[in-house]
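What follows is one structure encoded as structure tokens, with my remarks underneath.
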Amino acid sequence: MRLVSPPGAVGRSTAVAMVAVVAVTLLPLGLTSYWLFLATSGVIAAFTALSIGVVSGRAGLISLCQLSFAAIGAWAVAWLSMHHPDLPVLVLVLAGGAAAVPFGLLAGLPALRLRGVNIAIVTLGCASVVDTLLNRYGIPGVDDGIIVTRSGVFGDDLYYFWLCWGLLLAVVVGLALLGARPTGAAWLAVRRSERSAAAMGLSVPRAKLTAFAAAAFVAGLGGALLVVQLGLAANQSFGSFPSLVAFTVAVMFGARFPEGAMFAGAATVLMPELLRRVDVPADVGSMLFAVGTVFALRQGSGVAEALRARASRRRADAALGRSAAISGEPAPVALPVAVPVAVPVEATRPGARRAAAGSARPGPADALEVRDLTVRYGSVVALDAVSFTVPADRVIGLIGPNGAGKSTLVDAVSGFLPGHTGDVRLGGRSVTGLSAAKRARTGIRRTFQQGLAVPELTVGQYLRLAAGRALPRAEVRALLEFVGGPPSDLVIADIDVGTRRLVDVAAGLAARPRVLLLDEPAAGLPADTSELLAARIAEIPVRFGCGVLLIEHDMTMVQAACSDAVVLDFGKVIAAGPVEEVLAHADVVSAYLGGQQLGGGAEAGGPGGQQVVAV
Amino acid sequence: MIQAGVSGLVSGGVYALLGICLVLTYRMAGVLNLALAAVGAFAAFAMIELQEEGWPYLPAVLAGFAVGGAVAVVLGLAMNRWFGESDTPTRAGVSIAVLVGLLALGSRLFGGDARPFPAILPDVKVRIAGVVLTAATLIALAASVVIAALLTAMLGRTRTGHQLRAVAARPVTAELLGIPVRQLTTAVWAASGLVSTGAVLLIAPVQSSQFSSLSLLVLPATAAALLGAFRSFWLTVAGGIGIGVLSSLIGDNERIAAFSNIIPFVVVVVVLCVVQRREVWDAAR
């Protein structure tokens, strides 16, 4: 596990990138006009790869129509230059990119309804629609032999190469900036899990549409540049088959990363050229790409990703070697121990102490009130008229044997089971009709048992994404210290699964919710850490002014963190009240612990302890 | 007008057959097999090549079916072995790569031009209420209905069907229970390859028959499968036939004939977007 990149490691990859950029910039000075033409084509092909990297790599939506967006860009440029021949090249190209955006949104619309791989079908259909339209109407000027002329300095092929290369770098920088901000981070969140994105209050439709729009813009730029480079662009360059090939090449080289997209662009151009020189038919190239793609999918990473992983491993080894040289043994990997810190506290609502869990009369300070919540799956009643409240100043434990309906309850409350009946009220206002994302924005936050934090983001970026607002650096640090989490600049992929749950708790708190639903946050944590977490959870109501509903199997943790508990069994509340009373309740003992004696410090021992429960 | 609609029945039946295969591999193996029609086209072209080599008609057709089944089985076993643990989008990515590979291989081996396909069926025409139905139409429709009925009944009622569903839902558990996972997977993929070959052979004589255009028959078939929500064989059959008839009706109208292939697709997507308006959170993310 890599905790912190050693200083100089990041510097080294930056240096490599700088050298590569300078090398490519100077490259055309030493090329013949033929190779300069190929180099320009390669840079242009990288735009398509980059656009696939956005929509498929980052947002996880398989798109098989990126060259159709390029066709729209080319079409727009051809039309514009026919009717306004004096427009500067840069304006033409940017207009081409912009023209593709509405079509990107149009192609993305079905993604709002059709989930998963179905979007691959829709985009394949879009490609064939654009194919048909192009064959019917053609790109303006092609039939009449009217070519797009490059006015000004870009008439020189050398300068045109620099224009393409400069635009590509600008797009790469733009995407990097976007990726660090919520707009781009939301794409990764949606790819990770649409549910967890919605639970963070992110609009899944918005994320998908912005991904398609950005990808269409980038692809449109590529199409525009191509038609300006060639003067005439044939329909066939933008057909379904080239789109399919572009997708495979992008996957093979890992176009989510800029260098991957550039490799892909170079390969698209160099492969046919090399094959031509050794007298092998060009379609062998597509076969090689197909095989390479299957191989990359088997490995789980494209070329760029594999290179990055190798570099990062080497850095980690170097770092371990360095610290081993100092301490004589491998660096211990430990969570930093949390130090109590002042966390910005919302004013706790006065008079909140009155209400208790399960109380029939809701007080004004009830953060969450659940009334007669019923969930049915066919004839199975998963939750049967469940009612309870979570006051703003309490931590309520939700316990019960496996299959009692705890997670179903959290799903229903957080809006993932729109078919439920009964009422869910937040701060006295009903949220029953609201979608999951809207409930999250109103103030219901949850974590997931599986721990769905976005692996590509740093801890800090993830917290900012979850907060849905500008989050000062100091607050990020304070939140992480509060939960005993890792440093904010760690990439989540490098953190163990247990610690990711702590990050999820911090992310929930970052949004300043009215109520936080924690679904087994301590699973996978070592005992001392979960003890610490229990103490922290107990402090949440005072420090953050938010009620907590804690699902937990570990009775020690429930006793340490909760003032009250609600017990579910077969979808019904069988007991509710102060923790000690509830745990002593005869029904609870028999339903939950199978008659096992429950002393002060006895514990049911996590999910494994569930085996004693009679069914 | 009516005759135009009826002449769309043959392609409709073919879309239905291909759609059934898509639903079958999606439900049973978790694979959205975009290379399905390319496999069928590959087999059909192999048959033509053999015939040109001088093979008699029947052995060539049988060899064509064997090629289709074998290619599909190789694809299925590779999916099972190398991508058994992968998620659905990854497997879909693999099928896209296979589609690209087959398209390239097909154009290399068989050329990019349309080939004259001999009708595999005798030129029998049946006249019902003044409407002429070809033998291909009758076979395509009957086959799609019969296969849909068989699959629905088998998966729902028979022991093999239950085993198949177990393999689809929990491959490892199924294997531990002693269910012959490998054999069943092979059977599913072989069936998809054979049906796909038959479907392509039915439509190739009456359609533009380049390797690429036959491979892209998968598009209307996916539309049909989408209408069946990649679950219901019956809805898929209905969707496939509907798409075929609609295309044919559009092709009959000169003003919009050029769009006969794309309008049904757009209709399907719009219909689905309206129908699936309710927010659903399911395993498909």
Residue check for A:Arg206: modelled with pLDDT of 90 or more, assigned to a helix (DSSP H, G or I) and within 22 Å of the chain's Cα centre (by Cα)
yes
Against the definition (farther than 25 Å from A:Thr210 by Cβ, modelled with pLDDT under 90 and not aromatic (Phe, Trp, Tyr)), how does A:Gly116 come out, yes or no?
no
From the set of residues in region A:501-535 that are of a type outside the set (A, V, I, L, M, F, W, C), touching a Gly at 6+ places or on another chain (Cβ under 7 Å) and modelled with pLDDT under 90, which is most open to solvent (accessible area, probe 1.4 Å)?
A:Gly524
Quick check: is even one residue across region A:364-382 modelled with pLDDT under 80, under 21 Å from A:Val548 (Cβ atoms) and touching a strand residue (DSSP E or B) at 6+ places or on another chain (Cβ under 6 Å)?
yes
A:Pro85 fails exactly one of the following numbered conditions: (1) over 19 Å from A:Ser128 (Cβ atoms); (2) touching a helix residue (DSSP H, G or I) at 6+ places or on another chain (Cβ under 8 Å). What is the number of that condition?
(2)
Of the candidates B:Leu235, B:Leu184, B:Leu272, B:Leu249, the one satisfying the condition of being assigned to a helix (DSSP H, G or I), surrounded by fewer than 24 Cβ atoms within 10 Å (Cβ to Cβ) and within 11 Å of another protein chain (Cβ to nearest Cβ) is B:Leu272
When residues of region A:233-267 are limited to those that are open to solvent by 50 Å² or more (accessible area, probe 1.4 Å) and within 13 Å of chain B (Cβ to nearest Cβ), the one farthest from the chain's Cα centre (by Cα):
A:Gln236
Filtering region B:70-97 for residues that are part of a helix (DSSP H, G or I) and either at the interface with chain A (Cβ under 7 Å from one of its Cβ atoms) or among the polar types (S, T, N, Q) (or both) leaves a count of 11
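Residues are listed down the side, and each one gets a yes or a no for (1) open to solvent by 10 Å² or more (accessible area, probe 1.4 Å); (2) within 25 Å of A:Glu259 (Cβ to Cβ); (3) in contact with a Pro (Cβ under 6 Å, 6 or more places away or on another chain):
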position: A:Ala176; (1), (2), (3): yes, yes, no
position: A:Leu188; (1), (2), (3): yes, yes, no
position: A:Glu194; (1), (2), (3): no, no, no
position: A:Thr210; (1), (2), (3): yes, yes, no
position: A:Phe217; (1), (2), (3): yes, yes, no
position: A:Ala224; (1), (2), (3): no, yes, no
position: A:Gly231; (1), (2), (3): no, no, no
For region B:204-223, give me each residue that is among the polar types (S, T, N, Q) and either away from every other protein chain (no Cβ under 14 Å) or part of a helix (DSSP H, G or I) (or both).
B:Gln207, B:Ser209, B:Ser212, B:Ser213, B:Ser215, B:Thr222
Could you check region A:110-124 and list, in sequence order, the residues that are part of a helix (DSSP H, G or I) and either open to solvent by less than 30 Å² (accessible area, probe 1.4 Å) or at the interface with chain B (Cβ under 7 Å from one of its Cβ atoms) (or both)?
A:Pro110, A:Ala111, A:Asn118, A:Ile119, A:Ala120, A:Ile121, A:Val122, A:Thr123, A:Leu124
Quick check, is A:Glu481 open to solvent by 50 Å² or more (accessible area, probe 1.4 Å) and more than 21 Å from A:Ala453 (Cβ to Cβ)?
no
Pair list, Cβ under 6 Å, 6 or more apart: region A:125-142 residue facing chain B (nearest Cβ under 9 Å) and more than 16 Å from A:Ala70 (Cβ to Cβ), other residue at pLDDT below 90 and surrounded by 18 or more Cβ atoms within 10 Å (Cβ to Cβ)
A:Gly125/B:Phe265; A:Thr132/B:Ile262
Which residue, of B:Leu226, B:Leu133, B:Leu201, is within 14 Å of another protein chain (Cβ to nearest Cβ) and touching a residue at least 40 places away in the same chain (Cβ under 8 Å)?
B:Leu226
For A:Phe47, are the conditions met, namely being modelled with pLDDT of 90 or more, open to solvent by 50 Å² or more (accessible area, probe 1.4 Å) and closer than 30 Å to A:Ala213 by Cα?
no
Quickly run through region A:272-286 and pick out the residues that are assigned to a helix (DSSP H, G or I) and open to solvent by 40 Å² or more (accessible area, probe 1.4 Å).
A:Pro272, A:Leu274, A:Arg276, A:Arg277
Does A:Gly155 meet the test of being in the same structural domain as A:Gly108 (by the TED database), modelled with pLDDT under 90 and on the phi > 0 side of the Ramachandran plot?
no
With respect to A:Val54, is the statement that it is farther than 26 Å from A:Ala304 by Cα, out of contact with any strand residue (DSSP E or B) (no Cβ under 9 Å at 6 or more places or on another chain) and in the same structural domain as A:Leu232 (by the TED database) true?
no
Can you name the residue in region A:290-301 that is surrounded by 19 or more Cβ atoms within 10 Å (Cβ to Cβ) and more than 7 Å from chain B (Cβ to nearest Cβ) and, of all such residues, is farthest from A:Ala255 (Cα to Cα)?
A:Gly292
Does B:Leu150 qualify as being away from chain A (no Cβ under 14 Å), open to solvent by 60 Å² or more (accessible area, probe 1.4 Å) and in a helix (DSSP H, G or I)?
yes
Do we have B:Arg115 as open to solvent by less than 50 Å² (accessible area, probe 1.4 Å) and away from every other protein chain (no Cβ under 14 Å) here?
yes
Could you tell me whether any residue of region A:89-102 is under 32 Å from the mean Cα position of the chain (by Cα), open to solvent by 10 Å² or more (accessible area, probe 1.4 Å), modelled with pLDDT of 95 or more and more than 24 Å from A:Leu163 (Cα to Cα)?
yes
Need the failing condition index for B:Trp82 against (1) within 23 Å of A:Arg191 (Cα to Cα); (2) open to solvent by less than 60 Å² (accessible area, probe 1.4 Å); (3) aromatic (Phe, Trp, Tyr), just the number.
(2)
Only one of (1) in contact (Cβ under 8 Å) with a residue 40 or more places away in the chain; (2) within 14 Å of chain B (Cβ to nearest Cβ) does not apply to A:Thr48, and that is (2)
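The values are calculated or read from the model by the stated rules, or taken from the named source; none is laboratory data. Quick caveat: nothing in here was measured; it's all calculated off a predicted structure. No Cβ is skipped: glycine too gets one built from the backbone with ideal geometry, and neighbour counts run over all protein chains shown. These accessible areas exclude ligands, DNA and RNA; they are computed on the full protein's heavy atoms, side chains included. Shrake-Rupley method; radii C 1.70, N 1.55, O 1.52, S 1.80 Å.
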